[in-house]
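A.B. asks: Mind having a look at this structure? Questions to follow.
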Amino acid sequence: MDKTEILEVLDCFPYPRSDYWVIAGGAMVLYGIRERTHDIDLGCSTGMADLLERDGFLDGYSPGGGRRFKYGESIEIFENWLEDAVTYVEGFNAVTVKGLIKMKQGLGREKDLRDLRLIDEYLKKTQTPVGGSDED
């Protein structure tokens, strides 16, 4: 999914924008760090998690105990998964670049290490503060 596809999917997502934020690869695409991602990962508030569970989207639990949801083919949602803070990007809440770094470091998989190198290149190229607060 490229940026346009992500924005189209999120525009149709029927839950309040204030209750969720884009994380992981989707946030990297919104920032312009990567061109594409295979799906959209979101973090959400406990209140939204309650709604998602009520609506039948519960898919399991994360290692930390938070609920995990699957919405359609392209959205995975994690209750209260947020490092650092959110900022407004392309009309949606997204984890800050600093939060992305913390998430990727915490996961530590090979693909996350590759993403960390991409984030580092992005920061050098754009001179963006690590907090990401200068984004749209």
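Any read-out appearing in this document is the output of simple, stated calculations on the displayed coordinates, not a laboratory observation. Just so it is clear, the model here is predicted, and its values are computed rather than measured. So basically every Cβ, Gly included, is an ideal-geometry build from the backbone, and we count neighbours across all protein chains shown.
A.B. asks: Straight-line reach from residue 3: which aspartates and glutamates have Cα under 13 Å away, leaving out those fewer than 8 places along the same chain?
C.D. replies: 11, 35, 39, 90
A.B. asks: With label points built 7 Å along Cα→Cβ from the Cα atoms of residue 110 and residue 38, find their separation and express it in nm.
C.D. replies: 1.3
A.B. asks: With a ≥ b ≥ c the root eigenvalues of the C-alpha gyration tensor of segment 72-127, is it rounded (a/c under 1.5), prolate (a/b larger than b/c) or oblate?
C.D. replies: Taking the square roots of the gyration eigenvalues as a ≥ b ≥ c, segment 72-127 is oblate.
A.B. asks: Then there's this: Is the C-alpha gyration tensor of segment 1-61 telling us rounded, prolate or oblate? Criteria: a/c under 1.5 is rounded; beyond that, a/b larger than b/c is prolate, otherwise oblate.
C.D. replies: prolate
A.B. asks: Mind checking the angle between helix 110-126 and the chain's longest principal axis? C-alpha axes, 0 to 90 degrees, to the nearest 10.
C.D. replies: That helix lies at roughly 50 degrees to the long axis.
A.B. asks: Run lengths n ≥ 4 of DSSP H only: what is the helix-derived mean residue ellipticity at 222 nm for the chain, with -39500 (n - 2.57) per run over all residues, to the nearest 500?
C.D. replies: Value at 222 nm, helices only: -12000 deg cm²/dmol.
A.B. asks: So for 107, 123, fewest C-beta neighbours within 10 Å to most, what's the order?
C.D. replies: Numbers: 107 13, 123 16.
Taking fewest neighbouring Cβ atoms as first place, the list is 107, 123.
A.B. asks: At 0.36 nm per residue, and after removing the present C-alpha to C-alpha distance, how many nm does the segment from residue 74 to residue 123 gain when stretched out fully?
C.D. replies: That works out to 14.9 nm of additional length.
A.B. asks: Per 10 Å bin, what is the whole-percent P(r) computed from every C-alpha pair distance within the chain?
C.D. replies: For the chain, the binned pair fractions read 13, 46, 34, 7, 0 percent.
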